[in-house]
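Undergrad: The structure is given below, and queries will be raised subsequently.
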Amino acid sequence: MKIIIFCLIVIMLVSSTYSASAQYPCQGTALCISGKVTQIVDGDTIYLKDYKIRLSLTDAPEKGKKGFKEATSFTKKLCPIGSTITVDQDDKQKKDMYGRVLGKVFCSDKNLNAELLYNNHAKIKTEYCKKSEFGNEDWAKKYGC
C-alpha cells in the first residue's frame, strides 16, 4: 500500500511539472511538455530540468556567428530562466541528431519559433519543411516552407 501511494505521489509531481498547458494545447501524438527554463544555450536551444529542447524549423546563429548575441538575448527576454514554457514536440521529427527534443515552444504568450523569425533573429530551415509537423503553419510558410 505504501508503495502504491508513493508511486501516485511521484506520478502527480511529474505530471504537474510536465503536463500540457491549457493555454497552449499541443497537436498530434508526440510529447507535450511544460516545465521551467533552466538554461538558454542560444536563440534556438532551451534546457528544462529533464529535457534539452531545440526549436523545430527555426535556425538562430550559433556562438561566434553574427547575430548570436542578439538572438540569444531575444530568447532570454521572451523565455527567461525560471519561466514556464510549453513544448509541442514535432510528431514527424521527435529529436535531432544530438538527442534534443524538437518542437514548437510557447512562452510569454508567444510562439518562440515564429517570434525569432518575425524579429529577424533566425532563418527557416527549409530542408526540414516537409519533414516537420509544423511546416504548413502560417509562420513557417511565411518564411519559406
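Values in this text are rule-based calculations from the coordinates and carry no lab data. It should be emphasised that the depicted structure is a prediction, and the values quoted were computed from it without experimental measurement. Here the Cβ positions follow ideal geometry from the backbone for every residue, glycine too, while neighbour counts run over all protein chains shown.
Undergrad: Pairs LYS36/LYS142; LYS66/LYS142; LYS49/LYS76; LYS49/LYS104; LYS77/LYS142: which are spaced more than 26 Å apart, C-alpha to C-alpha?
TA: Values: LYS36/LYS142 30 Å; LYS66/LYS142 23 Å; LYS49/LYS76 17 Å; LYS49/LYS104 18 Å; LYS77/LYS142 24 Å.
As for pairs spanning more than 26 Å Cα to Cα, those are LYS36/LYS142.
Undergrad: Turning to a different aspect of this structure: Quick check on packing: order 110-122, 66-78 by the mean number of other C-beta atoms within 10 Å, highest mean leading.
TA: Values: 110-122: 20.1, 66-78: 16.6.
Order by mean packing, descending: 110-122, 66-78.
Undergrad: Net charge around ILE46, counting only other residues with Cβ within less than 10 Å of its Cβ (Lys, Arg = +1; Asp, Glu = -1)?
TA: Values: positive: LYS52, ARG54, LYS76, ARG100; negative: ASP42, ASP44.
Neighbour charge sum, excluding ILE46 itself: +2.
Undergrad: Same structure, new question: Highest mean first, what order results for 138-144, 38-44 on Cβ atoms within 10 Å? Could the numbers behind the result be given before it?
TA: Values: 138-144: 15.6, 38-44: 18.9.
Final packing ranking: 38-44, 138-144.
Undergrad: Also, quick follow-up: Counting Lys +1, Arg +1, Asp -1, Glu -1, what net charge surrounds SER83 among other residues with beta carbon under 15 Å of its beta carbon?
TA: +3
Undergrad: In Å and whole numbers, how far do the C-alpha atoms of the range 23-145 stretch along each principal axis, longest first?
TA: For the range 23-145, the Cα extents along the three principal axes come out at 30, 28, 28 Å.
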